[in-house]
Amino acid sequence: GVEEYTFSSIVNLGPYANCANGTDWTVSWTLCCRNNAITSLQNPGNQSLYLNTILDRTITPCNNSPQFLTSPTPYYCLGQAISYNPGAFDPDGDSLAYSIIQPRTTNNQAINFNTAGGYSLAAPIHNSGGANAVQLNPITGTLTCVPDIQQVAVITYRVREYRNGVQIGAVTRDVQCV
């Protein structure tokens, strides 16, 4: 089964406006520890989950981060082509660009893939096509491949948002593929 928890809060960052150097704030969240059943990462049970968003504090009117409209735990069938989209939506109408990055742990440190199991940034899901067979459309965010073993793989999306050709924010999301 899948459990989903949603945490929300309104935070007034106004009192901290003069505390930051530069134009961006990074808001992050860490939770110990990852699921030991994850096959795509080295020592997953000893790694924390780290997610963040980057906000440009100079944007007016205020900017909203992209929202994800789909479940972060898709289930796949072996040997069948998959197509997964994280369903990012920007309420401000900003342009979105997608990429896959290494999963993160405490302090935004990259977690190593289980290379002995055949996983890498180019192959975050073990698949029948090998490295670079996991394809991500950077405009739509749709990921495609054909899984070839039973696995629990983690894919970390980075979604950057642009307004008038200028990056104004970014958010990360982990997706656990089973």
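The table for this structure:
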| item | result |
| --- | --- |
| Lone unmet requirement of (1) open to solvent by less than 30 Å² (accessible area, probe 1.4 Å); (2) at pLDDT 90 or above for A20 | (2) |
| Number of positions in region 119-129 that are in contact (Cβ under 8 Å) with a residue 12 or more places away in the chain and either part of a strand (DSSP E or B) or open to solvent by 20 Å² or more (accessible area, probe 1.4 Å) (or both) | 6 |
| Odd one out for N137, checked against (1) more than 15 Å from S120 (Cα to Cα); (2) of a type outside the set (V, I, T); (3) crowded, with 20+ Cβ neighbours inside 10 Å | (3) |
| Candidate set from region 24-61 (those that are of a type outside the set (S, T, N, Q) and within 27 Å of D148 (Cβ to Cβ)); member that is most open to solvent (accessible area, probe 1.4 Å) | A37 |
| Y157 being among the aromatic types (F, W, Y) and open to solvent by less than 50 Å² (accessible area, probe 1.4 Å) | yes |
| Residue in region 65-74 that is nearest to G141 (Cα to Cα), counting only those that are of a type in the set (S, T, N, Q) and surrounded by 13 or more Cβ atoms within 10 Å (Cβ to Cβ) | T70 |
| Which numbered condition L78 fails, given (1) among the aliphatic types (A, V, I, L, M); (2) within 22 Å of F113 (Cα to Cα); (3) open to solvent by 40 Å² or more (accessible area, probe 1.4 Å); (4) within 16 Å of the chain's Cα centre (by Cα) | (4) |
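The values are calculated or read from the model by the stated rules, or taken from the named source; none is laboratory data. Note that the coordinates shown come from a computational prediction; the quantities given were computed from them, not determined experimentally. Positions of Cβ are generated from backbone atoms using ideal geometry, with glycine treated the same way; all protein chains shown enter the neighbour counts. SASA here: full protein model, heavy atoms, side chains in, ligands and nucleic acids out. Shrake-Rupley method; radii C 1.70, N 1.55, O 1.52, S 1.80 Å.
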